[in-house]
1. Which of the helices (runs of 4 or more DSSP H) contained wholly in region 82-189 include at least 1 residues that are charged (D, E, K, R)?
2. Tell me whether region 267-279 contains one or more residues that are at pLDDT 95 or above, touching a Lys or Arg at 6+ places or on another chain (Cβ under 6 Å) and surrounded by 24 or more Cβ atoms within 10 Å (Cβ to Cβ).
3. Take the residues in region 1-44 that are β-branched (V, I, T) and outside any helix (DSSP H, G or I), then tell me which one is surrounded by the fewest Cβ atoms within 10 Å (Cβ to Cβ).
4. Determine whether R17 is under 18 Å from W434 (Cβ atoms), in contact with a helix residue (DSSP H, G or I) (Cβ under 8 Å, 6 or more places away or on another chain) and among the basic types (K, R).
5. Please determine, by comparing only the residues of region 144-179 that are of a type in the set (D, E, K, R) and within 19 Å of D282 (Cβ to Cβ), which one is surrounded by the fewest Cβ atoms within 10 Å (Cβ to Cβ).
6. Pairs only if they're at least six apart or on different chains, beta carbon under 6 angstrom, first in region 192-219 and β-branched (V, I, T), second part of a loop (DSSP other than H, G, I, E, B) and modelled with pLDDT of 95 or more; list them, first residue then second.
7. Since L86 meets every condition but one in (1) within 26 Å of T347 (Cα to Cα); (2) without any contact (Cβ under 8 Å) to a residue 24 or more places away in the chain; (3) of a type outside the set (G, A, S), which condition does it not meet?
8. Collect the residues in region 102-139 that are in contact with a Cys (Cβ under 9 Å, 6 or more places away or on another chain) and surrounded by 21 or more Cβ atoms within 10 Å (Cβ to Cβ), keeping them in residue-number order.
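The values are calculated or read from the model by the stated rules, or taken from the named source; none is laboratory data. Quantities reported herein were computed from a predicted structural model and do not represent experimental measurements. Note that we place each Cβ from the backbone using ideal geometry, even for glycine, and neighbour counts take in every protein chain shown.
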Amino acid sequence: MSHDETLRHLLEDAAKRGIDYREQSVSLSVAPSPEAVENVQRFIEPLPNDGTADLDVLAQLDEIGTPAAVGMTGPRFFGFVIGGSLPVTLASNWLAAAWDQNDVMYEVTPATATLEQVAMEWMIDLFGLPADTGAAFVTGATIANFSALAAARNRVYAGVGWNVEADGLIGAPPISILVGEEVHPTVIKGIGLLGFGRNRVQRLAVDGQGCIDATRLPRIEGPTIVCTQAGNLNTGGFDPVGDICDAVKARGAWVHVDGAFGLWAAASPDLAHLCNGLQAADSWATDAHKWLNVPYDCGIAFVRDAPALKAAMSITADYLITETRNRNPSDYTPELSRRARGVDVWTALKSLGRSGLAEMLNRCCSNARRFADGLAKAGFEILNDVNLNQVLVSFGDDSRTRRIIEAIQADGTCWCGVTVWQGHTAMRISVSNWSTTFDDVDVSLEAIVRIASETQ
């Protein structure tokens with residue numbers, strides 16, 4: 001068999017196995033069996049002296065790995081805000097992986113760099129951000145927040161005459177970092193990575209949905225960065241970003257928005273009111289592998305002041321092509337080497353269009369309301385205002401709620417996670433998958449109510 005024939009046979013075998021899994025994942029238990037989880041120990045072995053045939057390696061990967069995979073791609077995984085990857089984005093991901101482009105410089109990877117530029121411009125338009133906003137395709141919202149806050153750090157320090165890129169943080173003037181009491185931990189991680197100190201943030205009071213109370217903001221003194229949230233990880237609530245911008249930007253503060261999933265609400269006419277005022281901020285972070293339903297991993301940082309993002313992230317070296325009339329992707333990201341994430345975003349947006357994207361977002365929210373209505377009708381307490389795709393439900397005391405969640409996860413009909421929010425242990429239902437139907441919700445509701453009635 002020739003090299004080309006061997007390659008074709010191997011890739012066709014991989015494609016068949018992947019297709020089989022995606023077709024079966026709709027009907028499989030969302031949680032793998034204990035036996036399948038135990039069986040992954042077979043992967044653990046000393047590195048063999050001799051190689052293994054490629055087809056045999058793939059067969060072992062499928063035989064052991066597939067049964068132990070959690071059904072995150074299927075329509076009844078509600079444990080985290082995780083999309084299921086649209087079929088067309090899975091296909092584009094496979095094709096882009098075959099291209100194997102290191103999306104660094106336009107002159108070296110013109111196709112993927114152009115696709116990334118187009119996808120970036122489409123998102124800027126969808127979210128209503130300034131047309132000259134800069135963007136970076138990164139691994140996820142953790143690094144998107146980090147990248148945006150790195151631009152913020154440089155620009156805020158420049159405002160007080162300090163060159164942080166050249167002189168670092170030792171001896172630098174202090175910067176005030178304000179965050180909501182329910183800030184996502186990845187924002188705190190980014191603050192720590194940037195050298196500000198995770199414990200030096202000032203936490204702001206929030207309301208009953210976990211949103212910053214703009215009427216109780218402290219007086220802004222000196223260089224300041226305010227981190228806000230579009231889509232509370234538990235309630236789906238939105239900070240009043242516009243009011244916060246009105247209160248702090250006149251005093252020179254930089255306002256950042258962690259919109260890991262909530263920023264996508266701006267792309268739906270029915271949900272866009274939740275984002276009113278958000279466009280007045282200075283930077284934004286979001287994920288495409290959440291509500292846009294592209295394969296992992298794909299996050300995006302947006303910065304109003306594109307030169308500030310470029311100044312924080314660009315790199316030069318003798319062997320790099322830095323002089324170009326086009327956008328070099330590596331000028332805006334922490335990584336130099338990285339995959340062409342923008343291809344999947346371009347594919348999803350090209351496939352869905354404005355109307356298809358809005359319909360997908362609206363359908364997820366309708367499914368979330370269906371969950372909340374069904375659980376409330378069954379006598380359980382819904383803890384949040386279900387205005388987006390998040391539902392928090394309590395089954396009574398903390399201990400019983402945890403027991404019910406564990407039983408639901410073990411049952412395998414659906415998968416929901418546990419959280420602790422404002423003193424309540426709750427089950428969190430996040431509806432983010434493009435393929436979830438009303439029937440999936442109803443089947444899941446039946447299982448949840450049945451298990452709750454059987455659990456003391």
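1. Once the helices (runs of 4 or more DSSP H) in region 82-189 are filtered for at least 1 residues that are charged (D, E, K, R), what remains is 110-127, 141-159, 164-167.
2. First pass over region 267-279, keeping only residues at pLDDT 95 or above: 267-279.
Next cut, touching a Lys or Arg at 6+ places or on another chain (Cβ under 6 Å) only: none.
For region 267-279, residues at pLDDT 95 or above, touching a Lys or Arg at 6+ places or on another chain (Cβ under 6 Å) and surrounded by 24 or more Cβ atoms within 10 Å (Cβ to Cβ): absent.
3. Quick first cut of region 1-44, residues β-branched (V, I, T) only: 6, 19, 26, 30, 37, 40, 44.
Subsequent filtering for residues that are outside any helix (DSSP H, G or I) retains 26, 30, 44.
Details: V26: 13, V30: 23, I44: 6.
Residue satisfying both the conditions and the ranking: I44.
4. Values: under 18 Å from W434 (Cβ atoms): no; in contact with a helix residue (DSSP H, G or I) (Cβ under 8 Å, 6 or more places away or on another chain): yes; among the basic types (K, R): yes.
It is false that R17 is under 18 Å from W434 (Cβ atoms), in contact with a helix residue (DSSP H, G or I) (Cβ under 8 Å, 6 or more places away or on another chain) and among the basic types (K, R).
5. Initially, region 144-179 is screened for residues of a type in the set (D, E, K, R), giving 153, 155, 165, 167.
Filter once more, keeping what is within 19 Å of D282 (Cβ to Cβ): 153, 155, 165.
Working: R153: 25, R155: 23, E165: 13.
Once the filter is applied, the top-ranked residue is E165.
6. Matching pairs, first to second residue: V206/E181; V206/E182; I212/D239.
7. Just one mismatch for L86, condition (2).
8. Kept after step one, since they are in contact with a Cys (Cβ under 9 Å, 6 or more places away or on another chain), are these residues of region 102-139: 127-128, 137-139.
Matches in region 102-139: F127, F137, V138.
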